[in-house]
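Remarks on the structure that follows.
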Amino acid sequence: MLYDIAIIGGGPAGYTAAERAAANGLKTILFEKNALGGVCLNEGCIPTKTLLYSAKMLDNIKNSTKYGISTEGRPGFDLSKIIARKQKTVRKLVAGIKQKMAAHEVEIVNEEVYLVGEDKNRNILLGHDNETYTAKYVLLCTGSETIIPPVKGLDTCDYWTSKEALDNKETPQSLAIIGGGVIGVEFASFFNSLGVKVSVIEMLPEILGAMDKELSAMLRAEYTKKGIDFHLGTKVVEVKDGRVIIEKDGEQSSVEATQILLSTGRRPVTANLNLDRLNIELFRNGVKVDEFMRTSHPSVYACGDITGHSLLAHTAVREGEVAVNHILGKTDRMSYKAIPGVVYTNPEIAGTGQTEEELTAKGIKHTVFKLPMAYSGRFVAENEAGNGMCKLIAGEDGKIIGCHILGNPASELIVIAGIAIEKGFTADEFRKTVFPHPTVGEIIHETLFA
């Protein structure tokens, strides 16, 4: 049988592309060796946010007296029930994806598949075991995997990655998180809320990598007050006997921990695909694509983490849409101008567009507007003693090119600025947008007048 499109990987890029392709009449087959939903749904985005919401509920109960609400006794939690709820949420959403695939008559094959080559009509051949499949187009959406750093002693240590941390039903006495990126900081937030002594070890001078440095430092200060120890500009030398040996400025010390969590980044999965069979060009550690998500082979596209460009589920979804639209002959191009990044801590931090640090490094002139979140009446009403900041950045031509927010609900607000960036709004044009009152989102409008 000849398929119009064969998709390898059933994560956000893959299942979105499958749905869009089939809905537009393309004969579609989807290969997924594990579970539909990929890492995001099964051991990433959704599970972590489910756990973090439980932690946020606990934080709110602990602080309820600030809002005139009293609770009897000390609030507690049942981690096994938190994990069970997480698993129930995942099952429900996976079932929803299966239902969508069935509704659009997408054929699903639960096998690891690889590229075989081309037939005489230049259709793409794929295979697994003794089965061969033929498709006019192929979409590679194999995602990414956890990087395990070459740290001495790690091979004999019973460490966690995010996968194990999400299934653990007992809180450790103390936790050392190696890596202060988004995933590491979110787990630090979760276990801190549960009363675990948490240490975060990060090689860079500040947590959260490419996020706005000023706001990242503010978030770090907030969690330092809550009891998390941060070791910045610090290298992990060795792990042994419940200790993490660290080095900073040439001096060694140790961090005591009953459990270690690795959060040192992810890398695209390209192994076992046989990319060389079709001479598919690589770029850095991923597959090279153009603005239509097309690889160096005209009939092969790649979306999501495998490109190594933006390892975010929402980026993958949009890339999947762009690829299918191009196959369908529609005019569509991928834009990375306003990809939002969110850290679901409490408070949340989010950003989109460019940062001050990026612009300064490139020597690009810009104007920064910033205002404390306390200038929003709704924020003050709902965040007793909470702080935060909204920052907007305009280019030399007045167009909004960046936005960064610390404070709840930054994850919901950031898309407003993202639309302004994508559509090329100037600060003057953006000021004319009417925001409902009272909302936390008004802070964006107020910041433009700061």
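Within the range 168-176, is there a residue that is in contact (Cβ under 8 Å) with a residue 60 or more places away in the chain and in contact with a Lys or Arg (Cβ under 6 Å, 6 or more places away or on another chain)? Yes, there is a match, as at least one residue in the range 168-176 is in contact (Cβ under 8 Å) with a residue 60 or more places away in the chain and in contact with a Lys or Arg (Cβ under 6 Å, 6 or more places away or on another chain). Check whether at least one residue in the range 328-339 is crowded, with 23+ Cβ neighbours inside 10 Å and over 14 Å from the mean Cα position of the chain (by Cα), and report yes or no. Within the range 328-339, not a single residue is crowded, with 23+ Cβ neighbours inside 10 Å and over 14 Å from the mean Cα position of the chain (by Cα). Listed by position, the strands (runs of 3 or more DSSP E) enclosed by the range 251-362 include none that has at least 2 residues that are on the phi > 0 side of the Ramachandran plot. Name the residue, out of K92, K62, that is among the basic types (K, R), over 25 Å from H128 (Cα atoms) and modelled with pLDDT of 95 or more. It is K92. Consider L219 carefully, then state whether it is touching a helix residue (DSSP H, G or I) at 6+ places or on another chain (Cβ under 6 Å), among the aliphatic types (A, V, I, L, M) and crowded, with 20+ Cβ neighbours inside 10 Å. The answer is no for L219. Every condition in (1) under 30 Å from K56 (Cα atoms); (2) modelled with pLDDT of 95 or more is met by G398 except one, and the failing one is (1). When the range 34-55 is examined, which residues are found to be touching a Leu at 6+ places or on another chain (Cβ under 8 Å) and either polar (S, T, N, Q) or within 19 Å of N192 (Cα to Cα) (or both)? Correct list: P47, T48, L51, A55. Every listed requirement among (1) buried (at least 21 other Cβ atoms within 10 Å of the Cβ); (2) touching a Gly at 6+ places or on another chain (Cβ under 8 Å) is met by L359 save one, (1).
When you check T16 against the structure, is it touching a Gly at 6+ places or on another chain (Cβ under 8 Å), part of a helix (DSSP H, G or I) and of a type in the set (S, T, N, Q), yes or no? It is true that T16 is touching a Gly at 6+ places or on another chain (Cβ under 8 Å), part of a helix (DSSP H, G or I) and of a type in the set (S, T, N, Q). Criterion first (within 25 Å of the chain's Cα centre (by Cα) and at pLDDT below 95) does T264 satisfy it? Considered against the rule, which asks whether it is within 25 Å of the chain's Cα centre (by Cα) and at pLDDT below 95, T264 comes out as yes. Checked against (1) surrounded by fewer than 15 Cβ atoms within 10 Å (Cβ to Cβ); (2) closer than 26 Å to G25 by Cβ; (3) not acidic (D, E), P75 meets all criteria but (2). Would you point out the residue of the range 119-170, among those that are under 31 Å from the mean Cα position of the chain (by Cα) and aromatic (F, W, Y), that is nearest to F292 (Cα to Cα)? Step by step, filter the range 119-170, then rank; the result is Y137.
For the subset of the range 363-405 comprising residues that are small (G, A, S) and in a strand (DSSP E or B), which member is surrounded by the fewest Cβ atoms within 10 Å (Cβ to Cβ)?
G395
The one condition from (1) touching a residue at least 60 places away in the same chain (Cβ under 8 Å); (2) not in a loop (DSSP other than H, G, I, E, B) that V440 does not meet is (2). The set of residues in the range 406-426 that are hydrophobic (A, V, I, L, M, F, W, C) and surrounded by fewer than 20 Cβ atoms within 10 Å (Cβ to Cβ) comprises V415, I416, I419, F425.
The values are calculated or read from the model by the stated rules, or taken from the named source; none is laboratory data. As the structure is a prediction and not an experimental result, all values here were calculated from the model. Here the Cβ is made from the backbone with ideal geometry for all residues, glycine too, and neighbour counts use every protein chain on show.
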